[in-house]
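What follows is a single structure, written as structure tokens, with notes after it.
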Amino acid sequence: MMAPSKIERKGDYMLRILWKDGFDSTIRLKDMRFECPCAKCEADKEAKHKSPMPIIPLHKDGMNTLTKLEKVGNYAIKPVWGDGHDLGMYSWDTLRNICTKYTMSDKEIEELLRKK
Ligand SMILES: [Zn+2]
């Protein structure tokens, strides 16, 4: 299983994850939150998918800010989000998939670092 060698915050909106195979990825916290693998978020996404109505994203204060990042054993991390949500356990496989899907370009990272 591919594991990260380092996880660090990058500015207020991003997380940088370095992988043991050299993959250097920076992702937006909001993308990470969107991909929360917990049963509740999965069910919410499924419900939205089935809804015939236009989708108005429900935004909760703090949902895309990171309060804490806990390591779970040797196989996962568990973020605690600014809105209190802490059910998502991101295994290395899940995290790797998210990094592959959402990794940002240097230009995007720079732009987001300048944002206040
Ligand atoms: Zn969740």
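Only one entry of PRO57, PRO52 meets the criterion of being more than 14 Å from the ligand (Cβ to nearest atom), loosely packed, with under 13 Cβ neighbours inside 10 Å, within 25 Å of GLU111 (Cβ to Cβ) and modelled with pLDDT under 95, and that entry is PRO57. So, LYS6, is that one modelled with pLDDT under 95 and over 13 Å from the mean Cα position of the chain (by Cα) or not? Answer is no for this residue. Scanning the stretch 19-38 for residues that are within 13 Å of the ligand (Cβ to nearest atom), in contact with a strand residue (DSSP E or B) (Cβ under 8 Å, 6 or more places away or on another chain) and in a helix (DSSP H, G or I) yields MET32, ARG33. Of the set (1) loosely packed, with under 15 Cβ neighbours inside 10 Å; (2) in contact with a helix residue (DSSP H, G or I) (Cβ under 9 Å, 6 or more places away or on another chain); (3) not polar (S, T, N, Q), all apply to MET32 but (1).
Which one is nearest to the chain's Cα centre (by Cα) among residues in the stretch 88-105 that are in a loop (DSSP other than H, G, I, E, B) and either farther than 13 Å from GLU35 by Cβ or polar (S, T, N, Q) (or both)? So, considering only residues that are in a loop (DSSP other than H, G, I, E, B) and either farther than 13 Å from GLU35 by Cβ or polar (S, T, N, Q) (or both), the one nearest to the chain's Cα centre (by Cα) is THR103. What are the residues in the stretch 67-116 that are among the aliphatic types (A, V, I, L, M) and within 20 Å of GLY11 (Cα to Cα), if any? If the condition is that a residue be among the aliphatic types (A, V, I, L, M) and within 20 Å of GLY11 (Cα to Cα), then LEU69, ILE77, VAL80, LEU95, ILE98, MET104, ILE109, LEU112, LEU113 are the ones that fit. Pairing each residue of the stretch 83-111 that is under 17 Å from ASP21 (Cβ atoms) with any residue that is among the aromatic types (Phe, Trp, Tyr) and within 13 Å of the ligand (Cβ to nearest atom), provided the two are 6+ apart or on different chains, yields C-beta distances under 8 Å for ILE98/TYR90.
If you check VAL72, VAL80 for being β-branched (Val, Ile, Thr), more than 15 Å from the chain's Cα centre (by Cα) and surrounded by 11 or more Cβ atoms within 10 Å (Cβ to Cβ), only one passes: VAL72.
Mind counting the residues in the stretch 4-29 that are among the aliphatic types (A, V, I, L, M) and surrounded by fewer than 15 Cβ atoms within 10 Å (Cβ to Cβ)? Total satisfying the criteria: 1. Given GLU46, GLU110, which one is part of a helix (DSSP H, G or I), within 16 Å of the ligand (Cβ to nearest atom) and charged (D, E, K, R)? Matching residue, one of GLU46, GLU110: GLU46.
The values are calculated or read from the model by the stated rules, or taken from the named source; none is laboratory data. Nothing here was measured: the structure is a model prediction, and the numbers come from that model. Note that we place each Cβ from the backbone using ideal geometry, even for glycine, and neighbour counts take in every protein chain shown.
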